[in-house]
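Take a look at the structure set out below.
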Amino acid sequence: MFSILPQPKEYKINQGFFRLDGFGVFGFTSPEIIEDCKTFCKKCNLLEKPTVNCILESEIKGYTLDIEDGITIKGDSAQSIFYGLQSLKQLVLHNLKDEILLPCLHVSDYPSYSYRSYMLDVVRHFYPIENLYKIIDILALFKINVFHFHLTDDQGWRVEIEKYPRLTEISAFRKQTNGDNTPHGGFYTKQQLRDFVNYAKSKFIEVIPEFDMPGHFTAVLSAYPHLGCTGEKVEVEERFGIFDTIACGGNEEVYTFVYDVLKEMAEIFPSPFFHIGGDEASKRRWAVCPKCLEKVKAEGLEGVEQLQGFFTKKVTEMLASLGKTPIVWNESLNSGMLDKSVIVQYWNDGKKALNVKKAAREGQGFIMSPCPPFYLDYPSGMHSIKKIYNFEKEELSTSPNLLGFETPLWTEHIANWEKIQKHTFPRVLATAQLGWGKQEDFSSFKNRVLQALSILDFYEIIHESKKDFLPNPLRAIKHFFSFSSNFLKGNTLENLKRAIETDKEMRRARGEKR
């Protein structure tokens with residue numbers, strides 16, 4: 001069987017088959033590639049035998065894979081050779097029998113976009129670090145190269161910071177979740193995170209952390225209340241939504257705290273990129289805070305919206321001093337002050353995405369992950385793999401400043417690891433293909449996804465069945481009502497109403513008409 005996902009740019013299947021009697025590499029190798037092959041041999045019960053000739057060749061673009069009387073992979077880098085091996089591994093898995101016969105072929109392939117990402121929120125619900133390694137293995141097999149790690153929010157703080165120990169003593173735990181009377185929490189030590197980052201790096205996946213600010217700051221203020229506008233003690237948030245708790249934009253101690261945290265996190269995460277959030281920042285408290293209003297006046301700003309612009313500029317400068325480029329959610333464009341070096345992640349910019357389009361025209365790099373349909377926390381009946389794959393946004397989809405795609409998975413209503421896997425697979429494969437370059441219509445893509453299910457099964461990944469990720473109208477309605485039932489639990493519906501009203505108020509304050 002021939003099936004590779006993402007679909008290669010060019011391929012030709014020739015006559016005949018090659019009998020594979022072992023698996024291993026020779027020629028150009030690296031420790032990461034050798035270890036990946038060893039792990040694969042153990043998983044598939046294959047003989048460790050130098051079978052694949054790897055050649056570093058700078059003249060080609062991406063990689064080539066040739067199977068004739070032997071197997072040869074050429075690549076312009078170690079990463080490209082690794083991608084060639086992932087394509088070969090998929091072919092082996094599709095033909096894994098007592099006698100492994102691989103079709104003779106030629107593949108010439110490379111990614112269209114540099115950013116092919118999956119995001120996991122471990123704040124709303126915390127998951128042991130061991131669980132994440134398995135996700136990395138499968139993302140790498142399908143050539144996704146970024147893991148966006150959402151580590152901080154109102155409901156918790158998940159990363160050890162030595163200078164501020166109360167972040168893991170207090171901010172990492174909440175008393176309950178939406179009235180369930182069950183304590184919840186946890187955090188990752190620096191060593192756990194370093195090991196995880198190094199493992200992902202060995203699979204050519206970059207881990208990009210997110211420290212969300214100035215909004216989504218409740219967990220921080222539970223430990224260090226003096227960093228808020230009122231200085232009052234708050235609890236780690238037990239509800240979900242948009243809250244008024246925010247880092248005080250007029251307090252210099254906030255900027256000292258932020259730099260200290262960024263410095264420690266930068267040492268854990270070597271990625272040149274760092275996500276600083278910037279979304280859903282309610283400015284109610286800024287509007288009445290003497291320190292914030294004084295900062296607005298002192299800096300000649302036009303109001304509290306531009307105070308967020310000032311805040312983001314300060315953080316951007318901090319990250320530049322640490323050798324990092326910021327990524328922000330698209331609300332950070334609202335101030336009109338965002339530096340062109342900052343990358344914008346488009347998730348919610350109205351039906352016409354006017355701010356993101358304007359920024360893209362002016363040279364701002366951006367990532368596509370709009371909701372709908374890219375958010376994986378919604379069921380397939382609402383955000384289907386077909387909607388993700390077929391998503392087009394006039395102007396943005398063809399922009400030269402589009403860096404790639406991401407499917408985020410928020411975990412407000414996903415409390416167990418089995419559901420994490422089902423919400424991720426196989427829909428994340430649409431991100432893999434879009435980021436590699438869309439080559440075909442959905443029907444052809446769907447067939448390759450169906451073939452890929454056997455690979456997920458082989459790796460013991462719990463995924464949605466065909467009837468769920470390709471739902472008929474009745475099943476889609478069932479998904480909708482099942483998802484909607486989440487809002488009938490505890491005070492979730494009340495929280496949602498409050499979040500909607502807060503969002504409307506923020507838009508009115510900015511003078512937006514949508």
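The values are calculated or read from the model by the stated rules, or taken from the named source; none is laboratory data. Computed from a predicted structure; not experimentally measured. Backbone-built Cβ (ideal geometry, glycine too); neighbour counts: all protein chains shown. Accessible surface areas use protein heavy atoms only, side chains included; no ligands, DNA or RNA. Shrake-Rupley method; radii C 1.70, N 1.55, O 1.52, S 1.80 Å.
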Can you run down the residue pairs with Cβ atoms below 6 Å, 6 or more apart or on separate chains, where the first is in the stretch 452-476 and within 14 Å of T424 (Cβ to Cβ) and in contact (Cβ under 8 Å) with a residue 60 or more places away in the chain and the partner is assigned to a helix (DSSP H, G or I) and open to solvent by 60 Å² or more (accessible area, probe 1.4 Å)? E464/K422
Among F273, F204, F211, which is within 28 Å of E130 (Cβ to Cβ), of a type in the set (F, W, Y) and out of contact with any Ser or Thr (no Cβ under 7 Å at 6 or more places or on another chain)? F204
Consider V261 carefully, then state whether it is surrounded by 22 or more Cβ atoms within 10 Å (Cβ to Cβ), out of contact with any Asp or Glu (no Cβ under 9 Å at 6 or more places or on another chain) and either outside any helix (DSSP H, G or I) or at pLDDT 95 or above (or both). no
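If you take just the strands (runs of 3 or more DSSP E) that sit entirely in the stretch 1-83, which of them hold at least 2 residues that are hydrophobic (A, V, I, L, M, F, W, C), open to solvent by 20 Å² or more (accessible area, probe 1.4 Å) and in contact (Cβ under 8 Å) with a residue 40 or more places away in the chain? Write out each step before concluding.
Values: elements: 10-20, 23-27, 48-56, 63-67, 71-75.
It comes to 10-20.
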Which residue is nearest to L139 (Cα to Cα), if the candidates are limited to the stretch 425-443 and must be of a type in the set (S, T, N, Q) and either in contact with a Leu (Cβ under 6 Å, 6 or more places away or on another chain) or open to solvent by 50 Å² or more (accessible area, probe 1.4 Å) (or both)? Q439
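For the stretch 265-286, what are the residues that are buried (at least 16 other Cβ atoms within 10 Å of the Cβ) and assigned to a helix (DSSP H, G or I)? Spell out the reasoning first.
Of the stretch 265-286, the ones buried (at least 16 other Cβ atoms within 10 Å of the Cβ) are 265-266, 268-269, 271, 273-286.
Hits for the stretch 265-286 are M265, A266, I268, W286.
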Exactly one condition in (1) assigned to a loop (DSSP other than H, G, I, E, B); (2) open to solvent by 20 Å² or more (accessible area, probe 1.4 Å) is false for E253; which is it? (1)
Is it fair to say K419 is more than 19 Å from the chain's Cα centre (by Cα) and either surrounded by fewer than 22 Cβ atoms within 10 Å (Cβ to Cβ) or modelled with pLDDT of 95 or more (or both)? no
Candidates L139, L102, filtered to the one that is open to solvent by less than 10 Å² (accessible area, probe 1.4 Å) and assigned to a helix (DSSP H, G or I): L139
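Could you tell me whether the stretch 108-122 includes any residue that is assigned to a helix (DSSP H, G or I) and over 14 Å from the mean Cα position of the chain (by Cα)?
From the stretch 108-122, those assigned to a helix (DSSP H, G or I) are none; that's our starting set.
Checked the stretch 108-122: no residue is assigned to a helix (DSSP H, G or I) and over 14 Å from the mean Cα position of the chain (by Cα).
Only one of these is of a type outside the set (F, W, Y) and modelled with pLDDT under 95: G186, G179. Name it.
Of the residues listed, the single one that is of a type outside the set (F, W, Y) and modelled with pLDDT under 95 is G179.
May I ask you to say which residue of K97, K89 is touching a helix residue (DSSP H, G or I) at 6+ places or on another chain (Cβ under 8 Å) and of a type in the set (D, E, K, R)? Steps first, answer last, please.
Details: K97 fails: touching a helix residue (DSSP H, G or I) at 6+ places or on another chain (Cβ under 8 Å).
Exactly one residue qualifies, and that residue is K89.
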Taking the residues in the stretch 327-348 that are in contact with a Lys or Arg (Cβ under 9 Å, 6 or more places away or on another chain) and open to solvent by 30 Å² or more (accessible area, probe 1.4 Å) as candidates, determine which candidate is farthest from E305 (Cα to Cα). D339
The stretch 123-136, residues that are of a type outside the set (S, T, N, Q), assigned to a helix (DSSP H, G or I) and open to solvent by 20 Å² or more (accessible area, probe 1.4 Å): E130, Y133, K134
Among the residues of the stretch 349-379, what is the count of those that are assigned to a loop (DSSP other than H, G, I, E, B), buried (at least 18 other Cβ atoms within 10 Å of the Cβ) and under 18 Å from the mean Cα position of the chain (by Cα)? 10
From the options E460, E412, residue that is open to solvent by 30 Å² or more (accessible area, probe 1.4 Å), assigned to a loop (DSSP other than H, G, I, E, B) and on the phi > 0 side of the Ramachandran plot: E460
Would you tally the residues in the stretch 384-408 being open to solvent by 10 Å² or more (accessible area, probe 1.4 Å) and either without any contact (Cβ under 8 Å) to a residue 60 or more places away in the chain or part of a loop (DSSP other than H, G, I, E, B) (or both)? 13
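Can you confirm whether F310 is of a type outside the set (G, A, S), farther than 26 Å from M119 by Cβ and assigned to a helix (DSSP H, G or I)?
Values: of a type outside the set (G, A, S): yes; farther than 26 Å from M119 by Cβ: yes; assigned to a helix (DSSP H, G or I): yes.
For F310, the condition - of a type outside the set (G, A, S), farther than 26 Å from M119 by Cβ and assigned to a helix (DSSP H, G or I) - is met.
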